[in-house]
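Chemist: First the structure, which I've put down as structure tokens, then a few questions once you've had a look.
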Amino acid sequence: MMENSGTPGICHEENADRNRENKDVAEFMTMWTAQTDQVLETLERGGIYFVKKEYITQKYGNTAWIFQEAYRFFTERAKHIVPQPEEAQSPVWMFGDKKWAAPVGGGYRLELRIPREELILFDRRLWSKILNLSYIGTKEQETEFQHKLHRMGIADSIEVFLKPYYPLLKTEILKSWERLFTEACPELEYVQGAAWMIKKEWIV
């Protein structure tokens with residue numbers, strides 16, 4: 001299914017099962033992704049779409065370095081879960097709940113039926129923390145880490161990545177991000193996924 005907006009880790013299998021529509025298609029999952037006309041044109045021409053790093057720079061401009069830092073971490077870990085094709089420089093992001101795949105400024109929302117073996121699933125709330133370059137832990141651990149930063153005169157964890165003075169703190173934050181791949185899969189509303197490509201045959 002393709003919806004036009006032109007007018008205005010690894011999750012545990014038992015939780016992932018909630019997003020499977022029928023027992024006879026247990027090897028597939030339904031996911032939603034927001035994509036542009038350019039992506040659809042690429043799929044029409046070649047039947048497959050891969051993300052290139054330059055797309056990230058073009059999309060995010062001056063803040064692209066933050067996304068690249070997060071994406072670099074994700075890519076390095078994800079390729080050991082699902083092998084990374086040479087053509088794929090960054091993952092394609094998608095969601096279990098269609099409301100999170102609403103296109104911004106035009107484009108399309110695609111419904112995908114994806115082989116489970118092609119998917120990496122995780123909690124989108126944890127991924128949001130990584131995109132903010134934040135420490136991930138329990139509520140108490142996150143509060144304690146924030147206090148540590150303040151005691152060192154650091155206003156925000158982004159400073160740890162911006163300046164070369166805090167290698168140990170940076171290592172601590174990066175280590176905490178591993179939780180993205182070890183936490184149990186949440187309820188469907190919070191399920192986010194990544195795949196190394198979109199294939200035309202996956203579009204419902």
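The values are calculated or read from the model by the stated rules, or taken from the named source; none is laboratory data. The model shown is predicted, which means the values in this text are computed figures rather than measured ones. We place every Cβ from the backbone using ideal geometry, glycine too, and count neighbours over all the protein chains shown. Accessible surface areas use protein heavy atoms only, side chains included; no ligands, DNA or RNA. Shrake-Rupley method; radii C 1.70, N 1.55, O 1.52, S 1.80 Å.
Chemist: On the principal axes of its Cα set, how long, how wide and how thick is the stretch 70-174? Give whole Å, largest value first.
Modeler: Between the extreme Cα coordinates on each principal axis of the stretch 70-174 lie 49, 30, 27 Å.
Chemist: Take the residue pairs LYS52/LYS175; LYS98/LYS170; LYS98/LYS199; LYS129/LYS200; LYS99/LYS175 and return only those whose Cα atoms are more than 28 Å apart.
Modeler: On the way: LYS52/LYS175 26 Å; LYS98/LYS170 34 Å; LYS98/LYS199 19 Å; LYS129/LYS200 31 Å; LYS99/LYS175 31 Å.
Too far apart for the 28 Å limit: LYS98/LYS170; LYS129/LYS200; LYS99/LYS175.
Chemist: Separation between the ILE48 and LYS99 pseudo-spin-labels, each 7 Å from Cα along Cα→Cβ, expressed in nm?
Modeler: Those two pseudo-labels are separated by 3.6 nm.
Chemist: When the accessible area of the stretch 100-204 is split by element with a 1.4 Å probe, what percent falls to carbon and sulfur? The partial results should precede the final answer.
Modeler: Details: 2800 of 5350 Å².
Of all accessible area on the stretch 100-204, carbon and sulfur atoms account for 52 percent.
Chemist: What list of ³J(HN,Hα) couplings, whole Hz, do you get for the stretch 189-195 from phi and the Karplus terms 6.51, -1.76, 1.60, once you set θ to phi - 60° and write x for glycine and proline?
Modeler: 4, 9, 7, 10, x, 9, 9
Chemist: Taking all protein chains together and a probe of 1.4 Å, list LEU149, LEU40, LEU188 from the most accessible to the least accessible. Write down the numbers at each step before the final one.
Modeler: Details: LEU149 0, LEU40 30, LEU188 65 Å².
So the residues, ranked largest to smallest area, are LEU188, LEU40, LEU149.
Chemist: State the Kirkwood hydrodynamic radius of the stretch 29-126 in Å, one decimal place, computed from all pairs of distinct Cα atoms.
Modeler: So the Kirkwood estimate lands at 14.6 Å.
Chemist: Sticking with this structure for a sec: Quick one: accessible surface of ARG77, probe radius 1.4 Å, all protein chains present, in square angstrom to the nearest 10.
Modeler: Estimated to the nearest 10 Å², ARG77 gives 80 Å².
Chemist: Leaving out same-chain residues fewer than 8 places away, which lysines sit with a Cα under 18 Å from that of LYS163?
Modeler: Within reach: LYS148.
Chemist: Using the heavy atoms of the protein chains alone and a 1.4 angstrom probe, what is the accessible area of the stretch 138-204 per residue in square angstrom? Walk me through the intermediate numbers first.
Modeler: Working: 3890 Å² over 67 residues.
Result: 58 Å² of accessible area for each residue.
Chemist: Another question, then. Probe radius 1.4 Å, ligands and nucleic acids left out: which of TRP177, TRP100 has the largest accessible area, and how do the rest follow?
Modeler: Values: TRP177 0, TRP100 95 Å².
Largest accessible area first, the residues go TRP100, TRP177.
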